[in-house]
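Structure first, commentary second.
No value in this document is a laboratory result; all are computed from the given coordinates. Just so it is clear, the model here is predicted, and its values are computed rather than measured. Here Cβ is always computed from backbone atoms with ideal geometry, including for glycine, and neighbour counts include all displayed protein chains.
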Amino acid sequence: DTGSAAAVPIDPRFDIAYVTPVTIGTPPQTLQLDFDTGSSDLWVFSSHTPTSQIRGQEIYTPDKSTTSKLLDGHTWSITYGDGSASRGNVYTDNFTVGGLAVASQAIQCAQQVSSSFTTEESIDGLLGLGFSTLNTVNPASQLTFFDNAKSKLGSPVFTADLKNKQAGTYDFGFIDKAKYTGEITYVPVNPDPGYWTFTSSGYAVGSGNFSGSPITGIADTGTSLVYLPTAIVTAYYRQVQGATNSRNYGGYVFPCSATLPPFTFGVGETKFTIPASYMSYAPVTDGSSTCFGGLQSSSGIGVNIWGDVALKAAFVVFNGANPPTLGWATK
Ligand SMILES: CSC[C@H](NC(=O)[C@H](Cc1ccccc1)NC(=O)N1CCOCC1)C(=O)N[C@@H](CC1CCCCC1)[C@@H](O)C(=O)OC(C)C
C-alpha cells in the first residue's frame, strides 16, 4: 500500500506550519493535522476538549465512531520545544492518510491544550513522525502511524516535499522520482532518543567558502525555522546590513529591505542552498519594516534543528528501515 497527502501552509503569507488532512473513525471524521517529525504522539482536539479551549478547530468525537475503542486507563501529556503543551486520554480507531489505512491507531484525545494551541485554529492536532520511543502514552507507549503502517508499505519510507508558500506533499511507502532532481544522498540517522538526527557536512554563507565542519541536528517538519550554533548564525548575519540580535523579539532581526545572502548546507557531498527569500521569515509584527530571520541560534534549545525553512529547499526521504537513514535530494 501507499499514501499521499497534501501539506498545506496554515498561513499564506509565511510558512509557520503545514497541515495535512486525515480521517478518523467510522463514518470518517476529517481533521487537519500538523505532521511533526520532532515528536511521536498523534493527538487531536476532541469531544473531550473543554469548549473554552476550542476556537474553530475540527474535533474528533469517538462516541460518533462505530469503530472507536477507549484504551482504558491510558493517559498522555506532552510539552513541545516552544513550551506549548497538551494532555488527555486515548482511544484506538480506524485512521487514514491519503488513502493509506491503519486499523486500530492510537488516537490521543486532548482533555487540556495550552493557549497557543487554542489560538492556532488551523491546527486540529499533531501527527508525530518521530521514533515511537518518544511516545508519551502511559502505562503503555503507543506506535506512530508510520510504525503501524510500515508492514503494509512497499518500502518502509515516507517523504516530505514541503514548499515555499504553497502546498507540498507527504508520501508514504514510495519515493516519487518526479519530486526531485539528481541523486538522493543518504546519511546515517541516530534514532536515540527518538528524533531523525543526522550530521550535515558543513555550510556556506552566500558565495563564501564552504566550511566543512560537521553539524549534528534533527530534521524537524514541526519546527518553522532553522536553529544552528551561534558561530554559524553570527557569520550569516554579519553579511546582513542592519541585522541585530534582538532581545525584544528573541532572535536576529533586520530591515525587511536588507539584501540577504542565501544559506548553503551540506549533506554528504551534496549541497543544498536555501534561497535568500526563505531566510527572511516574516515581519516581526504585521506591517512592520523589521523582519525576523529564518536562521536563529540553537544555543537556548540544546539541539540543532533543520526546520521547514531548510526542508523546503529539499526533497527528504525518512527511511524507516533498520538502520534508519535520511535521504536528501535537490528539487
Ligand atoms: C525551537 S522548537 C520550537 C518548535 N515550534 C515552532 O517552530 C513553532 C511552530 C508553530 C507552528 C504553528 C503555530 C505555533 C507554533 N513556531 C515558532 O516557534 N515560531 C517562532 C519563531 O518564528 C517562527 C514561528 C516546536 O516546539 N516544534 C514542535 C512541534 C510544534 C508543532 C506546532 C505546534 C507547537 C509544536 C516539535 O517539532 C518539537 O518540539 O521539536 C523539538 C524536538 C524541538
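Some notes on this structure:
- Too-long pairs where the Cα-Cα distance tops 26 Å, listed order kept, from K64/K163; K69/K152; K69/K163; K64/K150; K69/K312; K177/K271: K64/K163; K69/K163; K64/K150; K69/K312
- Relative frequency of Cα-Cα separations exceeding 39 Å in the chain, percent: 12
- Distance from the C-alpha centroid of segment 284-331 to that of segment 4-64: 22 Å, rounded to the whole angstrom.
- Pairwise Cα separations in segment 166-321 fall into 10 Å bins from 0 onward with the following percentages, short to long: 10, 40, 34, 14, 2.
- Backbone amide hydrogens, once placed in the peptide plane, bring H74 within less than 5 Å of V90, excluding anything fewer than 5 places away on its chain.
- Once C-alpha pairs closer than 8 Å and six or more residues apart are averaged by separation and normalised to the residue number of the chain, the relative contact order reads 19 percent.
- In sequence order, calculated HN-Hα J values of segment 157-168 (Karplus, 6.51, -1.76, 1.60; Hz; x Gly/Pro): 9, 9, 10, 10, 10, 7, 10, 7, 6, 8, 6, x
- For the chain, cysteines whose Cβ has no other cysteine Cβ within reach (under 4.7 Å): C109
- Candidates L127, V113, Y249 compared by Cα position along the dipole of the chain: farthest toward the positive end lies Y249, with charges placed on Cβ.
- DSSP bridge analysis restricted to the chain gives an antiparallel fraction near 85%, rounded to the nearest 5.
- Sequence-distant residues sharing a close amide H with T144 (under 5 Å, placed H): S132
- Going from the residue with the fewest nearby Cβ atoms within 10 Å to the one with the most, D63, D308 rank D63, D308.
- Charge context of R13, other residues only, Cβ under 10 angstrom, K/R +1, D/E -1: -2
- Residue-averaged [θ]222 nm for the chain, counting only DSSP H segments that reach four residues, each worth -39500 (n - 2.57): -1500 deg cm²/dmol
- Here the residues E58, E269, ranked from fewest to most Cβ neighbours within 10 Å of their Cβ, fall in the order E269, E58.
- Applied to segment 109-117, the Karplus parametrisation 6.51 cos²θ - 1.76 cosθ + 1.60 on θ = phi - 60° returns per-residue 3J(HN,Hα) values of 9, 6, 10, 7, 10, 6, 4, 5, 6 Hz, with x for Gly and Pro.
- Computed 3J(HN,Hα) for segment 288-305, one whole-Hz value per residue from the Karplus formula 6.51 cos²θ - 1.76 cosθ + 1.60 where θ = phi - 60°, is 5, 9, 9, 10, 9, x, x, 10, 9, 7, 8, 4, x, 9, x, 8, 7, 10, glycine and proline marked x.
- 5 angstrom amide H check on Q112, placed H, neighbours 5+ away: R87
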